[in-house]
Amino acid sequence: MIKLKRDEFNERYRFRESRIGKFTGSLINCVSCSNMTGETNDKEGPSFCEHPERFRKIKIAEYWRGFFGPGESHNLASQRVCDAYMSNQLPEGIEKVVIPEKHAILLGSQWEDIYHADPNCPYVIEELRMQKEGKKINHREAKVKYISISEKVPGESINDICDMPCCESKLPFQILRSDYRRHVGIKPDGTEPIKWVRNGIVKHQEKVSMTPEEAETVFDLSKFNSKEFGDVWQRISAVASYLHEHCNVLGSRPLSEAVNPIALSRCFNLLDHHVNRGFWVYNERLFNWRDQGEILKKPIMDLEKIPEGIIPCVDTWGVFGNAISCCPKYLGNFSILGLVKPLEDEFLLSKGATHFIEIGAVSYSGHEHLWGEFGRGFSKLESFDRE
């Protein structure tokens, strides 16, 4: 085995600040690594990395510069991690997960936002340990959730992937944005040019099945104005949970296959706003905005053919108009929910459009923890840092 000096080891194994942050705790760091010896903080003493590939053990510390060279050191074991991290053995009674084929894992402690693909990933191992011990991190409960990636195609953009090599090598996707990766200098981090990848195979969700009459009533949210749902923050949360439970996420299959009521995922983006007349959205899985955006320099209605993936939205009940009048629209994101209906407009039909979305509700998330839910009979926007 070739022994590596400090800089050689750190370069090969990407020594960096651990995820989550030093003030709010991290799931894995040098303290929880089986290669660490010594103490865990400055009060108790220094910590050392004794990985077998190191030329000699090194102190896990940063040094303050004094008048005559390096001064006192500060123990960094609880704040750093590297690719050579090795998990300690799980206690008896805890078994490693078995990831089903064409699935990945999301972790509760990471807000179910980062994809993992290896049962031996240190983050997954520590989540299991934390789950068994009933511990929380950042007020989040430990949870291992399986998510299907069978309908994703190589190169498709997703939120973020685990930075550990075992997972990273098994997730051949682009990253939309990763503040952590940007902060510690790991690529990809979302700053790279995004290559468009067509993915028209994503099925529409079918978790909810109801009659057209029942679907029409889903977006009457007036009942959530009652005090029985709690204060304003609790009501907003209750509406969000209710809509999530009662709506099917729209995929990229033909709209004739959609099951109402529907919710648009992050793959749908607004093209323009016309509060009184509605607006258009596009499905980034089907319409290449980066390369095809030129054709939309003139109004969509003036195009000879409306490109695949562009859908008209109609604000029948004025829900979206109400939302943008309450929210700082350029400083946040709107999520649209509603009903997919067949078009009867012969002019649009002649241009290739087949369906439209009748807006039933709007969710808003913005700066300074702003969160709003809007529907028929319900309109609430609050900052959740005041809760």
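The values are calculated or read from the model by the stated rules, or taken from the named source; none is laboratory data. Keep in mind it's a predicted model, so treat the numbers as computed, not measured. Glycine gets a Cβ as well: all are built from the backbone with ideal geometry, and neighbour counts include every protein chain shown.
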Notebook entry, point to check: GLU50 fails exactly one of the following numbered conditions: (1) farther than 30 Å from LYS143 by Cα; (2) modelled with pLDDT under 95. What is the number of that condition?
Noted result: (2)
Check: Among the residues of the range 334-371, which ones are part of a strand (DSSP E or B), free of Cβ contacts under 8 Å to residues at least 40 places away in the same chain and more than 18 Å from GLY278 (Cβ to Cβ)?
Finding: SER365, GLY366
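For the condition acidic (Asp, Glu) and farther than 18 Å from PRO212 by Cα, what is the one hit in GLU257, GLU245, GLU294?
Numbers: GLU257 fails: farther than 18 Å from PRO212 by Cα; GLU245 fails: farther than 18 Å from PRO212 by Cα.
Selected residue: GLU294, the only one of GLU257, GLU245, GLU294 that is acidic (Asp, Glu) and farther than 18 Å from PRO212 by Cα.
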Check: Is there a residue in the range 89-106 that is among the polar types (S, T, N, Q) and either in the same structural domain as ASN29 (by TED's automatic domain parsing) or in contact with a helix residue (DSSP H, G or I) (Cβ under 7 Å, 6 or more places away or on another chain) (or both)?
Finding: no
Next item on the list: Please enumerate the residues belonging to the range 80-93 that are crowded, with 21+ Cβ neighbours inside 10 Å and either at pLDDT below 95 or not in a loop (DSSP other than H, G, I, E, B) (or both).
Entry: ARG80, VAL81
Item checked: the range 372-387: number of residues that are among the aromatic types (Phe, Trp, Tyr) and in a strand (DSSP E or B) -> 2
Next item on the list: Kindly indicate whether any position in the range 283-302 is of a type in the set (D, E, K, R), over 24 Å from the mean Cα position of the chain (by Cα) and either outside the structural domain of GLU216 (by TED's automatic domain parsing) or modelled with pLDDT of 90 or more (or both).
Entry: no
Check: Taking the range 315-369 on its own, how many of its residues are within 18 Å of ASP302 (Cα to Cα) and in contact with an Asp or Glu (Cβ under 9 Å, 6 or more places away or on another chain)?
Finding: 4
Notebook entry, point to check: What is the number of the single condition among (1) surrounded by 15 or more Cβ atoms within 10 Å (Cβ to Cβ); (2) among the basic types (Lys, Arg); (3) over 17 Å from LYS203 (Cα atoms) that LYS297 does not meet?
Noted result: (1)
Check: Restricting the search to the range 254-268, which residues are surrounded by 14 or more Cβ atoms within 10 Å (Cβ to Cβ) and either of a type in the set (A, V, I, L, M, F, W, C) or at pLDDT 95 or above (or both)?
Finding: LEU255, ALA258, VAL259, ASN260, PRO261, ILE262, ALA263, LEU264, CYS267, PHE268
Margin query: Let me confirm something: among GLU308, GLU304, GLU245, GLU294, which residue is over 20 Å from ALA361 (Cβ atoms), among the charged types (D, E, K, R) and not in a loop (DSSP other than H, G, I, E, B)?
Written below: GLU294
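Considering GLU214, GLU228, GLU192, which residue is loosely packed, with under 15 Cβ neighbours inside 10 Å, part of a loop (DSSP other than H, G, I, E, B), at negative phi and of a type outside the set (Ser, Thr, Tyr)?
From the options GLU214, GLU228, GLU192, the qualifying one is GLU192.
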Notebook entry, point to check: If you check LEU337 against the conditions, is it modelled with pLDDT of 95 or more and either surrounded by 15 or more Cβ atoms within 10 Å (Cβ to Cβ) or within 23 Å of ASN225 (Cβ to Cβ) (or both)?
Noted result: yes
Check: Can you tell me which residues in the range 94-117 are under 16 Å from ARG129 (Cβ atoms) and either buried (at least 22 other Cβ atoms within 10 Å of the Cβ) or in contact with a Lys or Arg (Cβ under 9 Å, 6 or more places away or on another chain) (or both)?
Finding: ILE94, ILE105, LEU107, GLY108, SER109, GLN110, HIS116
